[in-house]
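Before any comments, here is the structure.
The values are calculated or read from the model by the stated rules, or taken from the named source; none is laboratory data. On a predicted model such as this, the values are computed, not experimentally measured, just so you know. Note: ideal-geometry Cβ built from the backbone for every residue, glycine included; neighbour counts use all protein chains shown.
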Amino acid sequence: MGFGSGASCSINLNTTLTPEQRERYQNPGVIQKLLDTARTIAIVGLSADRQKASFFVASYLKYEGYRIIPINPRGTDVLDEKCYPDLLSIPEKVDIVDVFRPAHEVPEIVEQSIAIGAQAVWMQLRIIDFAAAEKAEQAGLMVVMDKCVKMEHGRFGGSLHWAGMNTEIISARKERRWR
């Protein structure tokens, strides 16, 4: 999964964060470190509905080799992984807590992330809660906010353009996708 030497670009996707907030909560060094070192990602709000963004992101991350733990109180299993009702019910170590829930639910998710000793809290696109982020940081967790973990993985891994996303990289080199 190493991302240390790949080319990347900045994709701001119309974020509402100020430049200072982007430096703090969308720092490429932090994102790259998390993607390089994390192995287990608990996805809070993971849906079994294949049309939902959470399912698409989870299936991509699982394909890329990450261990996915679905968190959904109404689910039994997603992507052949057992669902848990909350983070406190997970019987194993979690590296990243990826949040697909509304911002007003983030404070409780951060509390649980701290309680289970997660390494980081990652709030997906348009999910912003500065007070919860500050609390997570004070407890020693890394925080990414208003970014998509799948897009960032693809950006640092060099495959984002395969999904039709503009990576803002200009290259004359033609990638061979199908062999």
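Here is how the numbers come out for the structure above:
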read-out	value
Residue that is surrounded by fewer than 18 Cβ atoms within 10 Å (Cβ to Cβ) and under 20 Å from Pro70 (Cβ atoms), where the choices are Gly117, Gly140	Gly117
Residues (in contact (Cβ under 8 Å) with a residue 24 or more places away in the chain and either under 15 Å from Phe100 (Cβ atoms) or buried (at least 23 other Cβ atoms within 10 Å of the Cβ) (or both)) located in segment 121-132	Val121, Trp122, Met123, Gln124, Leu125, Ile127, Ile128, Asp129, Ala132
Condition met for Phe130 (at pLDDT 95 or above and either of a type in the set (S, T, N, Q) or over 15 Å from the mean Cα position of the chain (by Cα) (or both))	yes
Single unsatisfied condition, Ala58 versus (1) crowded, with 22+ Cβ neighbours inside 10 Å; (2) modelled with pLDDT under 95; (3) small (Gly, Ala, Ser)	(2)
Residue within segment 37-53 that is at negative phi, crowded, with 19+ Cβ neighbours inside 10 Å and either among the acidic types (Asp, Glu) or without any contact (Cβ under 8 Å) to a residue 24 or more places away in the chain (or both) present	no
Matching strands (runs of 3 or more DSSP E) fully within segment 39-130 where at least 2 residues are touching a helix residue (DSSP H, G or I) at 6+ places or on another chain (Cβ under 9 Å) and under 21 Å from Tyr25 (Cα atoms)	40-44, 96-99, 120-123
Selection status of Val94, touching a residue at least 12 places away in the same chain (Cβ under 8 Å), in contact with a Ser or Thr (Cβ under 9 Å, 6 or more places away or on another chain) and crowded, with 21+ Cβ neighbours inside 10 Å	yes
